Amino acid sequence: MTVLGQPVDRTDGLAKVTGQAKYSADYTEPKLAHAVLVTSTIAKGRIVSIDAGSVESMPGGVLVMTHQTAMRLPDGGVTDAEPPAVRVLTLLQDDRVRYNNEPVAVVVAETLEAATEGAHRLQKTIRYEAAEPNVSFNKTKSSAYEPEQMMGRQASSSRGDISAALRQGTAHLDAVYTTPYEHHNPMEPHATLAHWDGPDLTLHDSTQGVSGVSNAVAKVLGIRAEQVRVICPFVGGGFGCKGSTWSHTVLAAMAAKQTGRPVRLVLQRPQMFGMVGNRPCTDQHFQIFAQTDGTLNGMRHDVISPTSTFEDWTETSALITRKLYAVPNQATSHKLVKLDLGTPTFMRAPGETSGSFALESAMDEMAYMLDMDPLALRIKNYAETEPQDNKPWSSKYLNDCYRIGAEKFGWSRRTAQTRSMRQGNVLVGYGVATATYPANRSQASAIARVLADGTAMAASGTQDLGTGTFTVMTQVAADALGFPLDKVHFQLGDSSLPHAPVSGGSQSVASVSPAVREAATQARAKLIALAIADSASPLSGATADRVKVEGGWLIDRTDASRREPAAALIARNGGKPIEATASAEPGDEKKNYAFHSFGAVFAEVHVDADLGTISVAKVVAVYDVGNVLNAKTAHSQLMGGVVWGIGSALTEVSDLDLRYGRYSNGNLAEYHVPVNADIQAIDITVLDHGDPYINELGARGIGEIGITGVAGAIANAVFHATGIRVRDLPITLDKVMA
Ligand code: MOS
């Protein structure tokens, strides 16, 4: 029995629950100095004066970095590097303020307390020349423009003849869906410890991409990437905000350079609302035309979202609309408006989360309009091939997700009328939505090494965001080596290890596993070759295909008594580890197939008929994500996605104060993510169909699909319960009070 797919406990679990796991801010260095950021209190304008001297001379003061005292960077800190690795940063190179809560100074002191006090004092000395900011999305929407591209994808699409289709059909839906600003808020805030050793920089940085940070910081500072080592074995949640290099990381490096000391900088929770990205709000205009039998003739999805004044970043909400249903005539577009806010960024299933709410709400509205079962409407328009480019799917079992999900949920108990499933004072509603996310893969490298002490190691410069990369890669390496799981140690989170991509876009498992497997397979082959060539080995002279490695032993398949432990073989041959490095990358399979994961999400909501309070009594979700490499971590990951989906449906919103361009709930007390008491039954099923084309493990990623479709399923259930269609997230009780 192979260890792949097994519900193996986290290999780093013990380290985490005993506090041994070191996160970025847990590291220290001799002579460590502490930095605290000071951020702007206006949204637009310039800094007239800052009294740095009075703060620097405070007890414990070390350095105050302002636009006047910060080191000058090549080209003003602007590089031609592209996101996600680098963004347009604020590095104290000029006096401009472009958004509220933007870095304007760094206070470095002997202790965190002194730096915090210094930052408070410095804040009060800043004089601004303020200009009127433009932060109103609603007022600016009419001047939206089309971005040149969206990370390599076209902003608009069309197929068939949308204008003709929009005139046909018997049922016509025309609705606008809106989603709010949201911020990531991982438990672990962004944190950096910067330490120079001569010309070389080491960063302990909480990041989803160690090599991306290394490259970006090197570029901004005008040094070589080999001079910047980024270390990050543990991440306390990323969700996309740690997928790019942001200002504070470079500012920490600059402060360390200027003070000649190691410097630690941790963002305060309110500082997470502005300078490190967020999910922008969206305005999504939907039109659907359908025939009475449910055949969809035409669909339009036009998205507008805000970005900053200095960088285009698009919430790609309509991308899944291009892919999900077999609609012959379709047009989609994405437009931006520039506001005096920080630049938005990737936030778990960026685009698919907001987009699936609109698409799946619109499908539900159309089903009611046609007097059709919402599930039947989806099955009626099932896309057997990818409908935009007409490619076959690499693998698609969405129909099974619908069927199995409906059975488990008890969808057949649903009565069609809204408000028809009332139980006393509780309005009960059932809703369904489709989940989907693209299956991405990039180049990755890994090393595997078998040691004379009977253990083996494998490593890759990938990351574990708390999701299980350590565990899954240990399984992959152990399986390919033929070693017991507890004899294999996996290392990650270090830019000096073989390169792996950013842990974003749900791509780590699909990208890194093939590299780890290949390196381990090559190391095993070297081990076997060594045994065959060694006259002292019981396997001497055997052919390679006759020798297997199992439980750390080399064994003759035809005569199991001819065997020896790998450790004995290596020890006898000088004790030098046997190692192999390998790279794995996608071939041209993307030319021939479309790669997506799918799921079906069913939700039961209970709405208090008098008070409008909404609770999600049950979510049943079934996913088709290719082979799962660890049933336990996969289940947790998907369940976490559903939990977040419940939050995005009911509670989550960043409240932007339009007078000041500042988020007014920048803390965990008022930014409402679900807590345990908000969550009831969640039933996750993962289908068991390997993807034959994504990679040789058949594994697509699962990081983001879990959040998709959830808000749609809940919104649809709320409509079924109450008869009130809420097209604006989050669905709070005021919106369902009839
Ligand atoms: Mo994910 S939003 O690409 O970290």
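Some observations on this one:
- The requirement of being within 25 Å of Ala631 (Cα to Cα), within 16 Å of the ligand (Cβ to nearest atom) and buried (at least 22 other Cβ atoms within 10 Å of the Cβ) is not satisfied by Ala478.
- Of residues in segment 494-505 being closer than 14 Å to Pro84 by Cα and out of contact with any helix residue (DSSP H, G or I) (no Cβ under 6 Å at 6 or more places or on another chain), the one farthest from the ligand (Cβ to nearest atom): Ser503
- Flag for Ile578 being free of Cβ contacts under 8 Å to residues at least 24 places away in the same chain and within 23 Å of Asp453 (Cβ to Cβ): no
- The residue that is surrounded by the most Cβ atoms within 10 Å (Cβ to Cβ), counting only those in segment 571-604 that are farther than 25 Å from Asp534 by Cα and aliphatic (A, V, I, L, M), is Val601.
- Residues in segment 620-656 that are assigned to a loop (DSSP other than H, G, I, E, B), of a type in the set (A, V, I, L, M) and more than 18 Å from Arg727 (Cα to Cα): Val625, Val628, Leu629.
- Checking each residue in segment 13-30 for being surrounded by fewer than 21 Cβ atoms within 10 Å (Cβ to Cβ) and under 23 Å from the mean Cα position of the chain (by Cα) picks out Gly13, Lys16, Ala21, Lys22, Tyr23, Ala25.
- Where a residue in segment 703-728 is of a type in the set (Phe, Trp, Tyr) and its partner, wherever it lies, is in a loop (DSSP other than H, G, I, E, B) and surrounded by fewer than 24 Cβ atoms within 10 Å (Cβ to Cβ), with Cβ under 7 Å and at least six apart: Phe719/Thr418; Phe719/Arg725
- Hits in segment 31-59 - residues which are surrounded by fewer than 15 Cβ atoms within 10 Å (Cβ to Cβ) and of a type outside the set (D, E, K, R): Val48, Ser49, Gly53, Ser54, Ser57, Pro59
- Residue within segment 680-697 that is over 22 Å from the mean Cα position of the chain (by Cα), buried (at least 24 other Cβ atoms within 10 Å of the Cβ), modelled with pLDDT of 95 or more and not in a loop (DSSP other than H, G, I, E, B) present: no
- Given (1) in a helix (DSSP H, G or I); (2) within 30 Å of His285 (Cα to Cα); (3) among the hydroxyl-bearing types (Ser, Thr, Tyr), index of the condition Tyr99 fails: (1)
- Being under 22 Å from Ser583 (Cα atoms), buried (at least 21 other Cβ atoms within 10 Å of the Cβ) and among the aliphatic types (A, V, I, L, M) holds for only one residue in Ala510, Ala529, Ala525, and it is Ala510.
The values are calculated or read from the model by the stated rules, or taken from the named source; none is laboratory data. A quick note: this is a predicted structure, and the numbers were derived from the prediction, not measured. Virtual Cβ from ideal backbone geometry, glycine too; neighbours counted across all protein chains shown.
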